[in-house]
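The values are calculated or read from the model by the stated rules, or taken from the named source; none is laboratory data. Source: prediction; values computed, not measured. Heads up, the Cβs are rebuilt from the backbone with ideal geometry, glycines too, and the neighbour counts pull from every protein chain shown.
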Amino acid sequence: MLPMFSLIPTPSKGKTETLDLISKLGASRQDEAVNDGPLQPMKFNENAFELPGWVSRVANELGSPIVWFVMEKDIFASDASDQQNRFMIKKHAVVERIVPILTRAELAAANLVDVMERAGKKRRVDRGERVGNREREHGGLEVMVYCRGVWGCPLLLTRWEASQASVLKGKNYKEFHRRCGFAVKDRVEMWAFRNRDGRLCFAIGKQIDLELSL
C-alpha cells in the first residue's frame with residue numbers, strides 16, 4: 001500500500017482525499033537540499049479517508065498543512081515493557097513512508113542510509129555518512145511524538161544494528177507510554193507531519209481514541 005497523504009481539513013470538513021505529495025515534501029526540505037533531483041513520485045490514490053480530529057488539531061497547532069499515514073499495529077508486550085523502553089515501527093512503514101521524506105542528515109542520524117539505498121531511491125549519499133557511527137554516537141534522530149491531549153515529548157528514531165529493527169526510544173518513552181495508556185493487543189495508528197520549523201513529528205493513538213475524535 002502506498003503512503004496516504006492528507007491536507008489538513010477545515011473544522012467543518014472531516015473527509016480529505018489522499019494526495020500524492022511526496023515530491024512536494026521533498027522540495028520543501030529545509031535543512032539540506034538533495035542535489036540528485038526530486039524523489040520519484042508515488043501514484044495518485046483517489047480513495048478518501050478520515051483524518052482523526054485530534055491529529056488534525058495537533059498538526060494545525062504546530063503549523064503543518066500536511067499529514068500522512070504511517071502505519072497501524074497491535075501493541076506487543078515489548079512495546080509496553082519498561083525494560084524494553086521502545087516503540088517498534090514496522091519495516092514496510094519505515095521503507096515506504098518514513099525513509100522517502102528524510103534528508104540525508106536525517107537518514108544518517110537515524111541509521112537508515114542503507115535502507116534508503118536498498119529501497120532503490122535515486123539519491124547519492126556521501127560515503128562518509130554510510131557508517132553507523134553517527135547513530136551510535138548520538139543515539140538517533142530526535143523527533144517529536146504526540147499523543148491525545150496535544151501532549152508531546154522528544155524521542156529518538158533509530159535503527160538497531162543487530163536486529164535491523166527501527167524504533168522510537170529515549171528517556172521520555174515511559175512517560176509517553178503512560179500518557180497514551182497503551183496496553184498489550186491495543187490497535188494503534190501512527191501519523192506523521194513536519195512542524196513549522198521542519199522538524200519531523202509523529203502522532204500515535206489507539207484506534208478507539210482515533211475513532212472517537214473524528
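Is it the case that some residue within the range 199-214 is at pLDDT below 95, among the charged types (D, E, K, R), farther than 18 Å from E72 by Cα and not in a strand (DSSP E or B)?
Checked against the condition, which is being at pLDDT below 95, among the charged types (D, E, K, R), farther than 18 Å from E72 by Cα and not in a strand (DSSP E or B), the range 199-214 yields no hits at all.
Going by the conditions given, is V131 surrounded by fewer than 16 Cβ atoms within 10 Å (Cβ to Cβ), modelled with pLDDT under 55, within 15 Å of A105 (Cβ to Cβ) and more than 14 Å from the chain's Cα centre (by Cα)?
Yes.
Kindly provide the set of residues from the range 157-175 that are closer than 23 Å to E61 by Cβ and within 16 Å of the chain's Cα centre (by Cα), ordered by number.
Hits for the range 157-175 are L157, L168, G170, Y173.
Restricting to helices (runs of 4 or more DSSP H) lying wholly in the range 1-120: which have 3 or more residues that are under 15 Å from the mean Cα position of the chain (by Cα), at pLDDT 90 or above and not polar (S, T, N, Q)?
On the way: elements: 22-27, 53-61, 104-109, 113-118.
Counting at least 3 such residues, we get 53-61, 104-109.
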